[in-house]
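Engineer: Below is one structure. I have some questions about it.
The values are calculated or read from the model by the stated rules, or taken from the named source; none is laboratory data. Owing to the predicted nature of the structure, the values given are computational and were not obtained by experimental measurement. Backbone-built Cβ (ideal geometry, glycine too); neighbour counts: all protein chains shown.
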């Protein structure tokens with residue numbers, strides 16, 4: 001009888017522990033998604049501010065400033081993980097929000113051109129489709145039992161290849177067809193990357209982590225998902241723009 005009681009107590013303790021882990025994971029993932037959504041909203045605010053400065057738009061669109069912004073985005077993209085996990089909460093937030101601000105400044109000329117040409121509906125269509133795609137792929141990454149880690153290296157290398165192709169097209173070819181192909185590949189790659197990143201972010205959670213470590217992981221997760229969402233959005237918008245023309 002005593003053995004049955006011990007087994008019953010062990011089972012109950014296991015259930016309580018499992019529920020605590022699940023609740024902690026849900027809270028952690030919700031924090032990631034909230035930070036990511038706030039990052040997108042902040043980028044939108046930066047874009048609106050930039051679009052109200054026409055001369056600034058021209059300087060970014062036609063001058064060397066666009067390459068400075070691209071360099072800043074790439075540099076923060078490379079160094080942000082180290083800053084986020086530096087142990088300093090202000091530094092972690094500065095890296096994330098700085099990245100979102102630079103991204104907003106960099107994509108603002110593209111969005112300005114759509115609004116200026118009376119194609120605001122394409123922007124909202126791209127945002128809606130991007131949101132639906134992101135949500136579906138992130139949900140898949142969260143619930144799937146399949147290990148997505150093996151595809152991670154391929155996706156990162158493919159994204160780097162696309163970046164090189166995009167810069168080469170902007171500098172040398174300026175081909176609309178090549179731009180369409182690159183954007184199509186980017187939408188597919190960053191959609192798959194969203195699923196992989198979500199699974200990685202989920203597996204990063206540990207119940208025993210201290211609060212500041214969990215906070216850093218949440219910011220890093222938001223940083224990853226934010227980047228993938230913005231890439232899906234701008235490349236999908238590029239596709240819609242080319243098809244409309």
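Engineer: Scanning for something in a loop (DSSP other than H, G, I, E, B), modelled with pLDDT under 90, in contact with a helix residue (DSSP H, G or I) (Cβ under 9 Å, 6 or more places away or on another chain) and loosely packed, with under 14 Cβ neighbours inside 10 Å, does the stretch 62-81 turn up at least one residue? Can you show your working first?
Structural biologist: At the first step, the residues of the stretch 62-81 found to be in a loop (DSSP other than H, G, I, E, B) are 63-64.
Restricting the remaining residues to those that are modelled with pLDDT under 90 gives 63-64.
Filter again for in contact with a helix residue (DSSP H, G or I) (Cβ under 9 Å, 6 or more places away or on another chain), leaving none.
Taking every residue of the stretch 62-81 in turn, none turns out to be in a loop (DSSP other than H, G, I, E, B), modelled with pLDDT under 90, in contact with a helix residue (DSSP H, G or I) (Cβ under 9 Å, 6 or more places away or on another chain) and loosely packed, with under 14 Cβ neighbours inside 10 Å.
Engineer: Restricted to the stretch 132-154, and to residues that are surrounded by 15 or more Cβ atoms within 10 Å (Cβ to Cβ) and touching a residue at least 60 places away in the same chain (Cβ under 8 Å), which residue is nearest to residue 239 (Cα to Cα)? Working first, answer last.
Structural biologist: Step one: list which residues in the stretch 132-154 are surrounded by 15 or more Cβ atoms within 10 Å (Cβ to Cβ), which gives 133-134, 137-138, 140-141, 148, 151-152.
Remaining after also requiring touching a residue at least 60 places away in the same chain (Cβ under 8 Å): 133-134, 137-138, 141.
Working: 133: 15, 134: 17, 137: 20, 138: 22, 141: 25 Å.
Across the stretch 132-154, the extreme among qualifying residues is 133.
Engineer: Filter the stretch 83-112 down to residues that are over 13 Å from residue 57 (Cα atoms) and in a helix (DSSP H, G or I), then give me how many there are. Write out each step before concluding.
Structural biologist: Narrowing the stretch 83-112 to residues over 13 Å from residue 57 (Cα atoms): 83-103.
From what is left, the residues that are in a helix (DSSP H, G or I) are 83-84, 89-103.
Within the stretch 83-112, residues that are over 13 Å from residue 57 (Cα atoms) and in a helix (DSSP H, G or I) number 17.
Engineer: Given the conditions (1) more than 20 Å from residue 132 (Cβ to Cβ); (2) in contact (Cβ under 8 Å) with a residue 24 or more places away in the chain; (3) assigned to a helix (DSSP H, G or I), report the number of the one that residue 172 does not fulfil.
Structural biologist: (2)
Engineer: Another question, then. If you go through the stretch 113-125 one residue at a time, do you hit one that is surrounded by fewer than 13 Cβ atoms within 10 Å (Cβ to Cβ), at pLDDT 90 or above, assigned to a helix (DSSP H, G or I) and within 16 Å of the chain's Cα centre (by Cα)?
Structural biologist: Scanning the stretch 113-125, I find no residue that is surrounded by fewer than 13 Cβ atoms within 10 Å (Cβ to Cβ), at pLDDT 90 or above, assigned to a helix (DSSP H, G or I) and within 16 Å of the chain's Cα centre (by Cα), so the answer is no.
Engineer: Hey, another quick one. Mind checking whether some residue in the stretch 192-205 is surrounded by fewer than 23 Cβ atoms within 10 Å (Cβ to Cβ) and in contact (Cβ under 8 Å) with a residue 60 or more places away in the chain?
Structural biologist: yes
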